[in-house]
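The block underneath contains the structure these notes are about, expressed in structure tokens.
The values are calculated or read from the model by the stated rules, or taken from the named source; none is laboratory data. Computed from a predicted model, the values in this text were never measured in an experiment. All Cβ positions, even for glycine, are placed from backbone atoms using ideal geometry, and neighbour counts span all protein chains on display. SASA here: full protein model, heavy atoms, side chains in, ligands and nucleic acids out. Shrake-Rupley method; radii C 1.70, N 1.55, O 1.52, S 1.80 Å.
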Amino acid sequence: MFMAVESTLPTPVRTPASDKDAKALQFIEEMTKNVDSVQERVLREILGRNAETEYLKRFSLNGATDRETFKSRIPVVTYEDIQPEIQRIANGDKSPIFSVHPISEFLTSSGTSAGERKLMPTIHEELDRRQLLYSLLMPVMNLYVPGLDKGKGLYFLFVKAETKTPGGLLARPVLTSYYNSDHFKTRPYDPFNVYTSPNEAILCADSFQSMYAQMLCGLIMRDEVLRVGAVFASGLLRAIHFLQNNWKQLAHDIATGTLNPKITDAPVRECMRKILKPNPELAQLVTMECYEENWECIIKRIWPRTKYLDVIVTGAMAQYIPTLEYYSGGLPMACTMYASSECYFGLNLNPMCKPSEVTYTIMPNMAYFEFLPHGSSTSCLVDLADVEVGKEYELILTTYAGLCRYRVGDILRVTGFHNAAPQFRFIRRKNVLLSIESDKTDEAELQNAIENASLLLKEFNTSVVEYTSYADTKQIPGHYVIYWELLVKDSAIAPTDDVLNRCCLQMEESLNSVYRQSRVADNSIGPLEIRVVENGTFEELMDYAISRGASINQYKVPRCVSFTPIMELLNSRVVSKHFSPDLPHWTPERRR
Ligand code: AMP
């Protein structure tokens, strides 16, 4: 269905678009030329200010701020190692555990621990660091795409549910925190960074109302839109899907100048009142482009001045590239930055390159970075300035907020250098089996979900003998597909369709809260599907692997598949398909 379209990439104009841009580019040059000295300073600052914290005292750092002492005394840790301290902070302990600066809130990562989002402590000044990184993006982009001050960006940006920890600290995703901050809300006017979406629409926590208002504004201002984006590819595809489902109502609102009564949020209604005026001509245009349900090139057709898509398509998002090419008619896709709840890492200095060539330059002022050569022991960590081209590393972080030698879980490959700063290709996140958008399901979670669901089969004298999985993103929203080979011991009482549907729901109930939130609050993941395959299918799968050189002794059933011949084999053996009949349970409150 999708054709890869060769995109014509603009060549860099290579002169800063303004004095402000020149300063930002100069800053990038300074940081990338002096990577090692900046890193040394950052570590000195972090250790100096946090010398009196419980954590650093525990390892007898005794006020030392040099790399050698730090590396010899402080252990490399995972989230689980520091979870007891995190829990104490969440419960209200205000003593300086990780940081002498008060923990301002928790950022809830899309990475989970025991089914719940990881809680990352942050301090107020981190907002400045995040904003600093954001402020570098447009100056780089302006080198490649001139004239972005002559129009607007249609960005679909969202906030998510917030909760409070037992001790009263806010816990919310990093972008929700950023969009709610004065840094974002009262940002000074910048002609290169004007959005079609009003703050009121972005800050509306109801995802339908927020999306509706943002899409409506995007349509109303269609002539001004020069770039279309979302944070991740999945978010932009959700927006296109939303247009497919709601264009009639949107066109009606534009034609009549009245707002869909489903939009009840008062600030959104108030700001839309000022923006929405009857415009039958535009309504007709939207109708003309949408009513035939031909969605190829829809982005270019509705927003004809769009120069590029601003959307991350690296890592788990690469699966969406062909679909985005289809909807955009091959517009370039710019992956501008690499960031996480723990820390914003860096930016892409060549943002108009092909998705497969994207590299991120880590900015040495953001945190202290170390690199664990992939597969090595934690005693062999390498500094940012010392990584080697071609090698893969796991990223380890020490932050101003107090994370010390923390394993992020990302695997990066060094592809080259900009000045003295290494540039990294994002390879993958460790231990992620299935992902549709921000959800990350690992092998243990999948196994646990299968076990819970198969309990429902017990009374039918049936068990799951083998399984594998697939993230089906061909349709929007994408959904998890689980292939099951069953052993039905008594065919007279084989599990019914209804039982297998309930198995789907039971699996969903067992998956982590990010998955369930995407299903329930965001509608960004569709109902989980179980495909029962014929007996002997998994044996055939093994035969196939062996025919391609796998060792019989070491063969393991792949717990996730995407290779076309294997998918074809599995799909040709499907005897029945079942879908989750309901939504799993999810509330913003944490279970633990
Ligand atoms: P979160 O903590 O929920 O903000 O997720 C952060 C994670 O998202 C990172 O550790 C990466 O695994 C992934 N991520 C963020 N930015 C990118 C990017 N530009 N390309 C690929 N993966 C990314």
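What number goes with the only condition from (1) in a helix (DSSP H, G or I); (2) within 29 Å of the chain's Cα centre (by Cα); (3) in the same structural domain as Leu384 (by the TED database) that Arg41 does not pass? Only one criterion in (1) in a helix (DSSP H, G or I); (2) within 29 Å of the chain's Cα centre (by Cα); (3) in the same structural domain as Leu384 (by the TED database) is unmet by Arg41, namely (2).
So that you can scan it fast, the table gives a plain yes or no per residue for (1) in the same structural domain as Cys503 (by the TED database); (2) more than 23 Å from the chain's Cα centre (by Cα):
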| residue | (1), (2) |
| --- | --- |
| Leu397 | no, no |
| Gly416 | no, yes |
| Phe424 | no, no |
| Glu437 | yes, no |
| Asp442 | yes, no |
| Glu451 | yes, yes |
| Leu456 | yes, yes |
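Screening Gly315 on (1) within 16 Å of the ligand (Cβ to nearest atom); (2) in the same structural domain as Val408 (by the TED database) shows it passes everything except condition (2). Restricting the search to region 338-357, which residues are within 9 Å of the ligand (Cβ to nearest atom) and over 16 Å from the mean Cα position of the chain (by Cα)? Passing the criteria: only Asn348. Against the test of being assigned by the TED database to the domain that holds Ile450, assigned to a loop (DSSP other than H, G, I, E, B), open to solvent by 10 Å² or more (accessible area, probe 1.4 Å) and not β-branched (Val, Ile, Thr), the options Arg531, Arg559 yield a single qualifying residue, Arg559. Those strands (runs of 3 or more DSSP E) of region 61-180 in which 1 or more residues are in contact (Cβ under 8 Å) with a residue 24 or more places away in the chain, open to solvent by 10 Å² or more (accessible area, probe 1.4 Å) and away from the ligand (no atom under 14 Å from the Cβ) occupy 103-113, 152-156, 170-172.
Note on region 448-460: among residues that are in contact with a helix residue (DSSP H, G or I) (Cβ under 6 Å, 6 or more places away or on another chain) and within 17 Å of Ala494 (Cβ to Cβ), the one that is surrounded by the most Cβ atoms within 10 Å (Cβ to Cβ) is Ala453. Inspect all residues belonging to region 456-466 and state whether any of them is within 30 Å of Leu56 (Cβ to Cβ) and outside any helix (DSSP H, G or I). No - not one qualifying residue is present in region 456-466. I'm trying to understand the selection: among the residues of region 217-262, which are closer than 30 Å to Ser435 by Cα and free of Cβ contacts under 8 Å to residues at least 12 places away in the same chain? The answer is Asn245, and nothing else.
Selection of strands (runs of 3 or more DSSP E) fully inside region 302-348 by the criterion of at least 3 residues being buried (at least 22 other Cβ atoms within 10 Å of the Cβ) returns 308-312, 344-347. Among the residues making up region 382-440, a single one is among the basic types (Lys, Arg), near the ligand (Cβ under 10 Å from one of its atoms) and either free of Cβ contacts under 8 Å to residues at least 24 places away in the same chain or closer than 25 Å to Leu25 by Cα (or both): Arg425.
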